[in-house]
Amino acid sequence: MLKLYRWPSDDWQKIGAEMPSEIIWADLLNATAEEKQFVERLLGIRVPSEDSLSEIEASSRLILDNGTLYLSSPAVRLNEDSEAEITPVGFVIGPRVLVTVRFAQLPIFDDIGKRIGSDDSLENGMCVFTSLVEAMVDRGADVLEHLGAEVDRLSRGVFKGGLVRTKRPVRSSRRMREALENIGELADRLAKARDVLLGVGRVASFAGDVGVNGSPPPRRSASKPSPRMSLRSAITRHDCRTRSSFCSMPCSASSTSSRTSCSRS
């Protein structure tokens, strides 16, 4: 499905050879080959595949190509059994239009989409990208706070004797097994939440460091490092900052996100 925001019609096939200036966000959800080709042709970009967005290597997730940013980050979706699963999300940020590539329904994207028509601060694709990142961070903070409360509740039951004060060994063993299963489930959910926040932090800081504003990067002198080396150095700095901050973050702490205002051009 292809959704074009700030375009009055849902029929994208009526658009001619150029992308209308009103459109600031093209959202691809399980897109068909025809929809991908349409976006690629009008914007002069390449739409990444699900396999490429799932790449673990940092240099495959953070790419600057001719003034266009290609970023990818994990997100969490709920499957048919209401279990959390990791799904990749791609962001292609150009001079004016943001292209998102996803393969699962994510409520955050729907919420930002509803703001497009009434929020004048969303002037271009970079503003939409900023809002999406803020929403993902807020959601991740809520999840960490909820998991912290679950850990506190479980620890009170364990360390205050709730699992051993019983005269029935069989019942006690069953309760201890249930506690271990709950701990394993919480650890899995916490790992997913931290993966998402780490990925979002990397794409946000990389976009900020590169300073994408729709213009190609300035020419470099012969004494400056190559773009490839500069990108790899930037990626290394991002990993060091984000990993150290996440490793020092307590599980039960309530996280808050810093709001980034989108400057008007």
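Readers should treat all values here as calculations from the given coordinates under stated rules, not as data from a laboratory. Bear in mind that the values here come from a model prediction, so they are computed numbers and not experimental data. A quick note on method: Cβ atoms are made from the backbone with ideal geometry, for glycine too, and the neighbour counts reach across all protein chains shown.
A few notes on this one:
- Burial order of peptide ranges 180-191, 132-143 (average beta-carbon count within 10 Å, highest first): 132-143, 180-191
- Projected label distance in nm at residue 105 and residue 182, using a 7 Å step from Cα toward the beta-carbon: 3.1
- Gained length - residue 209 relative to residue 173, 0.36 nm times residue gap less alpha-carbon distance: 7.6 nm
- Fully extended contour minus Cα-Cα distance, from residue 114 to residue 84, at 0.36 nm per residue: 8.3 nm
- Ranked 176, 126, 19, criterion: other C-beta atoms within 10 Å, fewest first: 176, 19, 126
- The orientation-averaged shadow of the Cα convex hull for segment 41-107, equal to a quarter of the hull surface, comes to 5.2 nm².
- Basic side chains Lys and Arg get +1 at the Cβ, acidic Asp and Glu get -1 at the Cβ, and with that the dipole of segment 1-156 about its Cα centre reaches some 320 debye.
- Residue 41 paired with residue 13, simple spin-label distance in nm, labels 7 Å along Cα-to-beta-carbon: 1.2
- Label-point gap, in nm, between residue 146 and residue 56 - each point 7 angstrom along Cα→Cβ: 2.8
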